[in-house]
Amino acid sequence: MVAFAVTAVLAVTPKGIDLFGACVLGIITACGGGTVRDVILGVPVFWSEDQNYLWVALIASLVAFYGNRLVSRRDVYLLMLYIDGIGVSLFAIQAAHKVLALQFAVPFGPVVLGVITAIGGGLIRDVLAGNTTLLMQKELYAIPVTIGCVLYVLLFGWFPDEGNAIGVGCVLFTFAFRAAAIHWKLTVPAWMESRAKET
Amino acid sequence: MVAFAVTAVLAVTPKGIDLFGACVLGIITACGGGTVRDVILGVPVFWSEDQNYLWVALIASLVAFYGNRLVSRRDVYLLMLYIDGIGVSLFAIQAAHKVLALQFAVPFGPVVLGVITAIGGGLIRDVLAGNTTLLMQKELYAIPVTIGCVLYVLLFGWFPDEGNAIGVGCVLFTFAFRAAAIHWKLTVPAWMESRAKET
Amino acid sequence: MVAFAVTAVLAVTPKGIDLFGACVLGIITACGGGTVRDVILGVPVFWSEDQNYLWVALIASLVAFYGNRLVSRRDVYLLMLYIDGIGVSLFAIQAAHKVLALQFAVPFGPVVLGVITAIGGGLIRDVLAGNTTLLMQKELYAIPVTIGCVLYVLLFGWFPDEGNAIGVGCVLFTFAFRAAAIHWKLTVPAWMESRAKET
């Protein structure tokens, strides 16, 4: 959560945003994905039941905005990327778990909504800020999340009694995948790329 | 549905997208409009009750991505445009029918939600892919859909017993209008265009 | 409402839009924010209960499109900006009031949803039309709205019996703030701006 809002603020400050816009985008990035998930599920949005999410996102945005020089230092930023990776992994698997527990559109629903929860906020931020969305970028961001959610649903279907272990395992797997992508700057392999450009 | 996902994938591949992004955008294009409709209606989203929609969209996206060279051939693409036209017509009138049956905000609701169902997915795709949305283009795409939905609501109001015939008629009308627009490359007539540019 | 649709149409006509697109964007700008609010609240969307909202937005869009030369005159446009300011203030405080009455996620909910109701429609319009959203602009638009909603929630919490007076006061305050921003062309103060550009 914290890292979500922080990386969000950092992603937009180079374009010259004001304090207010930064907070709005920070909150949207942190809470937007989960809000879309809850609306599609038809359950009350999560921040209406525990407003600490909003407070945390707001304070993290404020800190990131004013601590900009600090957090945009290369090493701190890298740390934030990793924390963001943990956040994304946790969000995705948590969401998949919530959707599975509601027996909503298994097996597709938990995967789709897990991915939406994890990357939806970032997509909305990019659209509002006029950035290229991560769907059009080569960075491995959404793919680890999707594979993690698919794994979780599959494993949970096979071993329904091992829910906790599977959850922890999938979070670790997703994070490890994402961390590897950050560390080695992995991009999408060639066989997955569009061949349209050749023609 | 199939054509939706296929044209979606084709619309984004020239910008260089990877397999994952293509599938996400294919699914969003095919299912996004109906999801927004169901959320506004307050009913369970359609793909939570029949996940075949998601499977079809996923498989069509995969095929379109790898069969890119084939489907981007001029004649096959044209065929896809026509199938897309059938899809749009069916989606719109089906949605208008669903909304009418729920007696939701008649007469405006069925038209508004019919249009959203038909073009909403494509709008979300264009926004996420950074393309110009069809609202800003001169192609006749949304206009046939809107006129078809308006016709359906009007005719259904006058002849409530002829629901099936009216539905089929409106789908055919909408498709014929759209097909004519594709065939003769019709654009928006001059009297409907913005006059702001003259000044 | 009227001014919302009118300023929306005016905001997009320079880019060359057709009649249909203008009406769609006019309606979205006028009704989009409230629709998002109602969906998040989980209540029926407001225009399903009173369709006059949609009619008014549609007719205002039509008038703005054809009366383009008139409404784009400097003085009429300025008048529209002020009326838009009144609309935004009313919408925001009304929404905050509705959310407070439902006891939804107080104290954050009324503020967040008040702001979404007031500026959400405009954000969707800008995204669909490919304009820079107001979050990335220096104009004081969202800030008066947010402060007005915060004030309303605070004052209502302290003096729950004075609801009407507080509501009127906050609308006037928000409008006065916005009107001042229009009149003196106020922009975001320097201490609130991103410092990232210096580095």
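The values are calculated or read from the model by the stated rules, or taken from the named source; none is laboratory data. Bear in mind that the values here come from a model prediction, so they are computed numbers and not experimental data. No Cβ is skipped: glycine too gets one built from the backbone with ideal geometry, and neighbour counts run over all protein chains shown. Keep in mind that these areas ignore ligands, DNA and RNA; they rest on the heavy atoms of the full protein, side chains included. Shrake-Rupley method; radii C 1.70, N 1.55, O 1.52, S 1.80 Å.
For the stretch C:69-91, a residue qualifies if it is more than 24 Å from C:THR117 (Cβ to Cβ) and either open to solvent by less than 10 Å² (accessible area, probe 1.4 Å) or without any contact (Cβ under 8 Å) to a residue 24 or more places away in the chain (or both), and the qualifying residues are C:ARG69, C:LEU70, C:ARG73, C:ARG74, C:ASP75, C:VAL76.
For the structure I just gave you, tell me whether C:VAL127 is assigned to a helix (DSSP H, G or I), facing chain A (nearest Cβ under 9 Å) and surrounded by fewer than 24 Cβ atoms within 10 Å (Cβ to Cβ). Yes; evaluated as a whole, the condition is true for this residue.
Taking (1) at pLDDT below 85; (2) open to solvent by less than 50 Å² (accessible area, probe 1.4 Å) in turn, B:ILE143 satisfies each apart from (1). Suppose the filter is in contact with a Lys or Arg (Cβ under 6 Å, 6 or more places away or on another chain) and either hydrophobic (A, V, I, L, M, F, W, C) or more than 10 Å from chain B (Cβ to nearest Cβ) (or both); does C:LEU41 pass it? Taking the combined requirement at face value, the residue does not satisfy it.
For the stretch C:92-108, the candidate set comprises residues that are open to solvent by less than 20 Å² (accessible area, probe 1.4 Å) and in contact (Cβ under 8 Å) with a residue 12 or more places away in the chain; within that set, the residue that is nearest to the other protein chains (Cβ to nearest Cβ) is C:VAL99. Residues that are touching a Lys or Arg at 6+ places or on another chain (Cβ under 8 Å) and either open to solvent by less than 20 Å² (accessible area, probe 1.4 Å) or at the interface with chain B (Cβ under 8 Å from one of its Cβ atoms) (or both) were ranked within the stretch C:14-36; the one that is modelled with the highest pLDDT is C:GLY32.
Selection of the stretch A:75-102 for residues being over 14 Å from A:VAL145 (Cα atoms) and of a type in the set (Gly, Ala, Ser) yields only A:ALA101. Give the stretch B:148-176 a look and list any residue that's within 14 Å of chain C (Cβ to nearest Cβ) and closer than 20 Å to B:GLY121 by Cβ, or say none. Passing the criteria: B:GLY148, B:CYS149. A Cβ distance below 6 Å, combined with a sequence gap of six or more or placement on separate chains, defines the contacts here; from the stretch C:130-143, residues that are more than 7 Å from chain A (Cβ to nearest Cβ) reach residues that are aromatic (Phe, Trp, Tyr) and assigned to a loop (DSSP other than H, G, I, E, B) in the pairs C:LEU134/C:TYR141.
Determine, yes or no, whether B:VAL111 is within 25 Å of C:VAL45 (Cβ to Cβ) and in contact (Cβ under 8 Å) with a residue 12 or more places away in the chain. In short, yes.
As a summary of the residue check, A:ILE116 satisfies the conditions (1) open to solvent by 20 Å² or more (accessible area, probe 1.4 Å); (2) part of a loop (DSSP other than H, G, I, E, B) except for the one numbered (2). Within the stretch C:130-156, being polar (S, T, N, Q) and not in a helix (DSSP H, G or I) holds for C:ASN131, C:THR132, C:THR133, C:GLN137. Among the residues here, B:ASP161 qualifies as open to solvent by 70 Å² or more (accessible area, probe 1.4 Å), modelled with pLDDT under 90 and acidic (Asp, Glu).
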